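Structure record follows, encoded as structure tokens.
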Amino acid sequence: MYNTNKYILTNGKDKKMSKELAEILFPEITLTPQDLEKKYPRRNLPEGARVTRFAPSPTGFLHIGGLFAAMISKVWAEKSGGVFYLRIEDTDKKREIENGVKIIIDGLSDFGITFSEGMTGNDTEVGDYGPYLQSKREEIYKTYAKDLVAKGLAYPCFMTEEELEEIRIKQEELKLTPGIYGEFAKCRDLSIDAVKERLNKNLPYVIRLKSGGNIENRIVLDDLIKGEISMPENNLDIVLLKSDGIPTYHFAHAVDDHLMGTTDVIRGDEWISSYPIHYELFKVLGFTMPRYAHISPIMKQDNGGKRKLSKRKDPEAAVSYYHEMGYPKEAVIEYLMTLANSNFEDWRAQNPTADINEFPFELSKMSPSGALFDLVKLTDISKNYISKLNCETLYNMLTSWAKEYDKEFLSLLEKDPQYAKRILNIEREIEKPRKDIAKLSDVKDYISYFYDEIWDGKLDFPENINKEDIINILNTYKDIFNENDDKETWFERIRQMCPPLGFAAMPKEYKKNPGLYKGHVGDVSTVIRVAATGRRNTPDLYEILMILGKEKVTKRLLDAINKL
RNA sequence: GGCCCAUUGGUCAAGUGGUUAAGACACCGCCCUUUCACGGCGGUAACGGGGGUUCGAAUCCCCCAUGGGUCACCA
């Protein structure tokens with residue numbers, strides 16, 4: 001078991017010295033940890049309610065893995081009647097970008113991930129446990145740092161970058177574990193006068209933890225996803241406060257998640273290896289530890305191997321990609337849920353319309369290893385989702401997407417909304433709707449032949465029918481097409497024109513005696529289809545022709561004949 | 001290199017000592033059919049390797065291999 005007692009100073013003189021050191025280092029800090037505990041009391045939540053958070057850095061890039069973690073954290077908290085909040089970890093000024101907070105909030109809300117507490121904009125927030133922007137919590141971190149120094153559990157370290165570098169090289173040569181510990185912790189036992197002297201020279205310094213760990217001892221992390229993980233204790237004098245007075249992630253994590261009452265820390269598994277540090281920090285600060293759930297990264301197939309989805313190499317690593325391509329947010333979330341809990345798909349099949357919060361999500365059912373992101377599977381889920389939309393909903397979804405990403409298409413859609421909706425409603429709102437559309441950005445091309453403005457007019461006639469026959473079919477059909485026909489009589493007309501042109505009215509007839517015919521009614525339909533739409537494959541031709549109308553159909557048939 | 005994690009079909013994965021080793025996506029075939037989809041039916045395809053333990057191992061143990069993560073005044 002971990003023992004912090006060995007560091008509680010017993011010698012009265014040392015005790016006094018530490019207190020003095022704390023005052024010298026942090027004269028402006030008058031608060032004590034007790035004050036903060038009072039200011040941020042434990043949350044008053046029902047038994048079993050979980051508090052989770054999403055705590056990204058405002059780097060201007062929202063990774064799909066971030067969305068994944070946020071979604072899981074949200075579901076995990078909300079299904080327990082708890083709280084899900086947003087904290088921004090902006091302690092690295094170098095990586096920060098302008099408007100970074102807003103980008104995160106908007107990027108998540110595009111997929112329905114919203115917060116009940118925390119940051120609400122670049123400079124705005126809601127909740128009783130703020131500030132939720134770490135850069136505004138300096139006083140809080142320093143209060144705990146001062147307390148640690150006063151207790152002899154932390155100390156100022158004046159080592160320069162060069163010194164650090166030298167040590168690293170030496171450690172590498174001697175094959176020692178890199179880091180500041182033992183004999184390498186040169187400032188650990190600096191006398192108070194030595195500190196004062198350096199302070200007077202205005203030398204920069206950091207505050208380091210005076211680690212009491214021993215790598216011979218082992219600690220166990222009981223991870224909610226990965227199970228028990230045993231690791232050596234931390235023995236590194238890690239940096240708590242950087243020379244600019246801003247905390248490192250580790251220190252901020254302990255202080256913030258304690259004060260903000262996080263019960264379950266859900267984060268990427270790249271953090272597992274720093275768990276020993278967090279463990280020591282919580283002990284030394286006297287905090288109770290939260291539960292941890294470390295999720296595996298989402299990977300990508302890459303020449304036979306797996307690798308993490310890369311911000312630089314893979315456009316699909318960015319959450320914005322899915323928004324731009326027009327994958328419905330529900331589809332993306334559904335897909336991510338199937339990755340998180342594979343029984344989600346079965347549940348969804350049984351409960352097609354249930355709210356996602358009703359799904360009995362379990363962290364323990366998450367895979368301990370990283371899953372490959374499968375765009376094909378997402379496509380399938382998205383196609384199914386879109387196929388079930390009514391045309392009104394699809395139209396609205398499409399126009400709001402186009403408003404952002406395709407103004408030309410938007411004006412077409414808005415020019416005649418009724419026309420657009422008729423198009424979108426082809427083989428929709430029926431029991432077995434078509435599943436052609438995977439994402440909103442597919443639609444423009446999918447329906448392009450309805451709009452002369454964007455239709456390329458290329459006619460892809462089949463090779464097995466000669467030019468003369470095509471012209472005959474088109475000529476015959478332009479006279480018999482009647483836009484008032486119902487579907488049966490419409491097709492009956494096409495059947496009837498077949499025999500005179502040498503085509504079988506019934507495909508089965510043709511199959512029985514292929515030698516007697518040039519083709520069958522399917523071939524004739526195809527010729528009409530190509531003349532009207534340019535394509536050999538389309539949704540129901542009857543509906544298409546009716547929407548196009550007599551005038552346009554006739555014109556297209558004539559144009560086609562002229563082009564031949 | 002040290003520490004840590006993982007490994008069931010192409011992919012996501014069920015499985016916790018005895019199963020014909022589920023299901024979904026993808027793929028292939030057939031049926032339906034005016035094209036394409038949809039739908040229906042069927043099919044190909046998996047326990048990384050080697051040792052144990054056991055009557056019996058995908059399941060437990062050990063070793064190896066492979067893949068991944070991490071070793072900052074970044075998160």
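Here are a few things to note about the model shown:
- Separation of the stretch A:99-119 from the stretch A:528-559 is 46 Å, based on Cα centroids.
- Cα centroid of the stretch A:188-262 to Cα centroid of the stretch A:429-455, whole Å: 57
- Between the stretch A:286-328 and the stretch A:40-80, the alpha-carbon center distance in angstrom: 16
- Rounded to two decimals, the Cα-based Rg/Rh of the stretch A:399-458, with Kirkwood Rh, is 0.96.
- Loop-located chymotrypsin sites (Phe, Trp or Tyr not before Pro) in the stretch A:434-535 (DSSP state other than H, G, I, E, B) with a sparse environment of at most 16 neighbouring Cβ atoms within 10 Å: A:Trp455.
- Low-density loop cleavage sites - trypsin sites (Lys or Arg not before Pro) in the stretch A:12-61, where at most 16 other Cβ are within 10 Å (DSSP): A:Arg42, A:Arg43
- When the C-alpha to C-alpha distance is required to be over 26 Å, the pairs from A:Lys458/A:Lys550; A:Lys196/A:Lys242; A:Lys306/A:Lys365; A:Lys458/A:Lys552; A:Lys102/A:Lys365; A:Lys407/A:Lys439 that qualify are A:Lys102/A:Lys365.
- Chain A, helix-only ellipticity at 222 nm - DSSP H runs n ≥ 4, -39,500 (n - 2.57), divided by all residues, nearest 500: -13500 deg cm²/dmol
- Net length gained if the chain between A:Asn482 and A:Gln350 were fully extended (0.36 nm per residue, minus Cα distance): 43.1 nm
- The equivalent ellipsoid that matches the C-alpha gyration tensor of the stretch A:225-379 spans semi-axes of 33, 20, 16 angstrom, in descending order.
- Remark on chain A: A:Cys391, A:Cys498 stand apart, with no other cysteine beta carbon under 4.7 Å.
- Cα gyration tensor of the stretch A:415-564 - equivalent ellipsoid semi-axes, whole Å, descending: 27, 17, 15
- FRET efficiency, 1/(1 + (r/R0)^6) with R0 30 Å, evaluated for A:Arg43 and A:Glu183 via beta carbons: 0.10
- Computed extension gain for A:Ser191 through A:Leu174, at 0.36 nm per residue and net of the alpha carbon distance, reaches 3.2 nm.
- Chain A: angle of helix A:541-563 to the longest principal axis, Cα-based, in degrees nearest 10: 70
- Among beta bridges from DSSP that stay inside chain A, the antiparallel ones total about 55%.
- Likely footprinting exposure, A:Val376, A:Val265, fewest C-beta neighbours within 10 Å first: A:Val376, A:Val265
- Loop trypsin sites (Lys or Arg not before Pro), the stretch A:410-464 (other Cβ atoms within 10 Å of the site Cβ: 15 or fewer; DSSP): A:Arg434, A:Lys458
- In this label model, A:Arg312 and A:Phe287 are separated by 3.3 nm, measuring between points 7 Å along each Cα→Cβ vector.
- Across chain A, the longest run free of exposed loop sites, meaning GluC sites (Glu not before Pro) lying outside DSSP classes H, G, I, E and B with no more than 15 other Cβ atoms within 10 Å, spans A:217-361.
- Tail weight of P(r) past 24 Å, computed on alpha-carbon pairs of the stretch A:145-292, percent: 36
- Taking a point 7 Å from the Cα of A:Asn562 along the Cα-to-Cβ direction, none of the residues of the stretch A:521-539 has its backbone N closer than 11 Å to it.
- In range of the label at A:Arg536: residues from the stretch A:458-488 whose backbone nitrogen is under 20 Å from the point 7 Å along Cα→Cβ: A:458-474
- Label-point separation in nm, A:Glu551 to A:Ser411, each point 7 Å along Cα→Cβ: 2.1
- For the residue pairs A:Lys467/A:Lys555; A:Lys329/A:Lys415; A:Lys74/A:Lys226; A:Lys421/A:Lys487; A:Lys15/A:Lys186; A:Lys74/A:Lys415, the alpha carbons lie more than 30 Å apart in A:Lys74/A:Lys415.
- Pairwise inverse Cα distances across chain A, averaged and inverted, put the Kirkwood hydrodynamic radius at 28.7 Å.
Laboratory data are not the source of any read-out in this text; all were calculated from the coordinates shown. Note that the coordinates shown come from a computational prediction; the quantities given were computed from them, not determined experimentally. Cβ sites come from the backbone with ideal geometry, for glycine too, and all protein chains shown count toward neighbours.
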